Each structure stands twice: as structure tokens, then as C-alpha cells.
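Notes follow once the structure below has been shown.
The values are calculated or read from the model by the stated rules, or taken from the named source; none is laboratory data. Quantities reported herein were computed from a predicted structural model and do not represent experimental measurements. Here the Cβ is made from the backbone with ideal geometry for all residues, glycine too, and neighbour counts use every protein chain on show. Heads up: the accessible areas ignore ligands, DNA and RNA and are worked out on the full protein's heavy atoms, side chains in. Shrake-Rupley method; radii C 1.70, N 1.55, O 1.52, S 1.80 Å.
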Amino acid sequence: MLSTKEQGNKGEQIAMKHLKRLGFEIVEMNYRFGHGEIDIIAKDGDTLVFCEVKMRKSDEYGDPEYAITPNKQKQVRKIAQGYLYEHEIKEQDCRFDVVAIRMKRGTPEINYIRNAF
């Protein structure tokens, strides 16, 4: 039985591998700014991608992508602005993606949502 933190780390590793298979370059994992965190920051060509990862081990609480509420989206946008500020990035195409992972009998089913919000 994995703790919530271990479950989250496992989901982020699955998502990172998926993004790499799609040709993304991983820039940073678990970027913290203020009281929040962005799970994965990656490059997709010339676009900087801020990626939120959600994983569920059952359907008890619904699809994982629905856990990314409008408030969570607002928080991720604010952290992304912090990243751009901290790294002095001014002119950069950016987008927000979601990797939703549902575990089915130990096998991950991935729903990758490009430009999710």
C-alpha cells in the first residue's frame, strides 16, 4: 500500500515517461513557488509546457482530470508566472497540459489532455 506522497510520485514518473515518449524534453519536476507546486515543466518544441498530473487507483472519486478544479487551475497559472519571473523568461509560448492516470489492475491508463486550460 503506497502513501499518498508515494502514489503521487509514481504518477509523476508515469507521466514523465509518457511525455518523453511523445518527444518532450523534461525541464523540471516538482517546481515549487510560494505555497504551490507544478508537477512537470517540459518543452514541446518551442513551447514551454506546465503539466499537472493526477492519478487515481480506483473510480471511487471519479476521473482524475476532474480533480483539477478552477481554483487549482488558477493556482497553477500563478505558479507558472512565478517560474517565468524567476527564470527571467519574457517572450515564450506556454500552455497547460494535464496527464490523468487511472490504474486498472496495476496498469496505467493515460488520458493526456493538451492545452487543458
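Top mean-square fluctuation among Leu19, Leu48, Leu84, Gaussian network model of the chain, C-alpha springs under 10 Å? The residue with the greatest mean-square fluctuation here is Leu84.
By accessible area, using a 1.4 Å probe on protein heavy atoms only, the chain has 47% of its surface on carbon and sulfur. Each principal axis of the Cα atoms in the chain has its own extent, and those three values, largest first, are 44, 30, 22 angstrom. Under 21 Å of direct C-alpha separation, and excluding same-chain neighbours fewer than eight residues apart, Lys17 reaches these lysines: Lys5, Lys43, Lys54, Lys57, Lys104. In this structure, the amide hydrogen of Phe117, modeled 1.01 Å from its nitrogen in the peptide plane, lies closer than 5 angstrom to those of Phe96, counting only residues at least 5 positions away or on a different chain. What fraction of the Cα pairs in the stretch 32-82, stated in percent, has a spacing above 13 angstrom? Of the Cα pairs, 63 percent sit more than 13 Å apart.
Using a simple spin-label model with pseudo-atoms 7 Å out from Cα toward Cβ, Gln7 and Asn115 lie 3.3 nm apart.
Within the straight-line cut-off of under 14 Å between alpha carbons, the aspartates and glutamates reachable from Lys74 are Glu37, Glu52, Asp97, sequence neighbours fewer than 8 places apart in one chain being disregarded.
Based only on the alpha carbon positions, what is the Kirkwood hydrodynamic radius of the stretch 49-116, in angstrom?
Answer for the stretch 49-116: a Kirkwood hydrodynamic radius of 13.2 Å.
Could you please report the charge total around Tyr66, scoring K, R as +1 and D, E as -1 over all other residues with beta-carbon less than 11 angstrom from its beta-carbon? That works out to +1.
Given a 1.4 Å probe, how much area per residue of the stretch 3-117 is accessible, in Å²? Let's see the in-between values first.
Details: 7080 Å² over 115 residues.
So the stretch 3-117 comes to 62 Å² accessible per residue, rounded to a whole number.
Can you give me the angle between helix 70-86 and the longest principal axis of the chain, using Cα atoms only, in degrees from 0 to 90, rounded to the nearest 10? So the inclination is approximately 40 degrees. Considering only alpha-carbon pairs that sit under 8 angstrom and 6 or more positions apart, the relative contact order computed for the chain is 24 percent. Relative to the longest principal axis of the Cα atoms of the chain, the long axis of helix 4-21 makes an angle of roughly 70 degrees.
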